[in-house]
1. Between residue 49 and residue 77, what is the spin-label point distance in nm, taking each point 7 Å from the Cα along the Cα→C-beta axis?
2. How would 194, 58 line up from fewest to most surrounding beta-carbon atoms within 10 angstrom?
3. On full extension of the chain, what length is gained from residue 128 through residue 188, given 0.36 nm per residue of separation minus the C-alpha to C-alpha distance?
4. Using Cα pairs closer than 8 Å and at least 6 residues apart in sequence, work out the relative contact order for the chain, in percent.
5. Give the value in nm², to one decimal: projected area of the alpha carbon convex hull of segment 136-229, averaged over all directions.
6. If you put +1 on each Lys and Arg Cβ and -1 on each Asp and Glu Cβ, how big is the dipole of the chain around its Cα centre, in Debye rounded to 20?
7. I need the Kirkwood Rh of segment 1-138: take the reciprocal of the average 1/r across all distinct C-alpha pairs and report it in angstrom.
8. Just the number, please: percent antiparallel of the DSSP beta bridges in segment 4-268, rounded to the nearest 5.
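What follows draws every value from the coordinates through simple rules; no lab data is involved. Note that the coordinates shown come from a computational prediction; the quantities given were computed from them, not determined experimentally. Cβ placement follows ideal geometry from the backbone for every residue including glycine, while neighbour counts extend to all protein chains displayed.
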Amino acid sequence: MAQKVAVVTGANKGLGLAIVKGLCQKFDGIVYLTSRNEALGLEAVKTLKEIGLKPEYHQLDITDIESVKVLADFIKTKHGGFDVLVNNAAILESRQIYPTYESAKKNIDTNYRSLLTIERYLYPLLRDGARVVNVSSACGHLSNLKNAHWVKILQSPDLTVEQLNQFVDQYLESVRNGTFDMNDFADEGKHAAHRVSKIALTALTKIQQRKYNNISINAVHPGHVITDMSNGAGDIEPDEAAKVVLYLILEASSKLKGTFMWHNGKIIDWLDADSDFWYQCP
């Protein structure tokens with residue numbers, strides 16, 4: 001039997017590093033720590049090896065198609081396939097409450113569109129029974145969206161990637177042409193780009209699960225993690241936040257599919273747009 005293989009994106013620090021650490025301690029297989037910056041990634045690997053863990057490293061820029069293809073070719077050649085994928089890499093332009101078009105596009109390209117590239121090149125290598133965890137956030141719950149037209153579309157059990165792309169494209173166009181309506185989102189539309197990207201990521205989780213019934217794909221809000229991204233404003237340490245991701249990988253039933261799990265391990269009704277799971281900026 002082929003040795004099991006796990007890949008974690010955006011893993012040189014914060015939550016990603018904590019997930020790699022936990023997998024190295026509990027996962028019976030090879031764990032790849034990946035990062036956009038190779039030097040920082042290798043430094044993270046060195047740090048883990050100093051405490052007796054044995055992660056492997058591979059460079060990965062999720063926004064670069066060629067970088068994703070290189071990783072896919074490596075996995076296919078060396079291992080034939082893999083068993084765990086944690087899509088953790090993400091950005092947040094936290095200083096821009098109402099971002100420019102360029103900033104909003106970068107956020108969505110990184111947090112959402114990159115997952116379409118990853119699906120294209122890496123998902124064919126996922127073995128039967130594989131587990132995928134998409135790291136979302138409180139911003140990724142549908143209650144962050146207040147536009148009734150789009151709420152209805154995103155609630156459809158037959159939602160398509162094409163419709164999801166139209167949703168993000170319409171938001172970006174509104175930012176570019178100055179028609180952005182803060183009333184379309186919770187909390188006066190603050191950080192709408194991040195809300196759109198994470199809503200799209202979570203919705204994509206459900207779409208992908210319909211397509212790939214032989215694997216388990218779930219999204220998770222790991223809590224407000226204390227990281228560089230949050231400028232230290234979070235309230236949960238990375239090692240603690242990683243526990244819910246590790247649960248989905250190592251302990252959860254393989255029948256758990258297409259769900260949105262809260263940081264406390266509870267499965268949340270993502271479709272309930274009238275709930276109060278939306279993120280309120282501090």
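1. Between residue 49 and residue 77, the label points sit 2.1 nm apart.
2. Arranged by neighbour count, lowest to highest, 194, 58 become 58, 194.
3. Taking residue 128 through residue 188 to full extension adds about 17.3 nm, to one decimal.
4. Result for the chain is 21 percent.
5. 6.9
6. Dipole size: approximately 740 debye.
7. Taking the inverse mean of 1/r over all distinct Cα pairs, segment 1-138 comes out at 15.4 Å.
8. So the antiparallel bridges amount to about 10 percent of the total.
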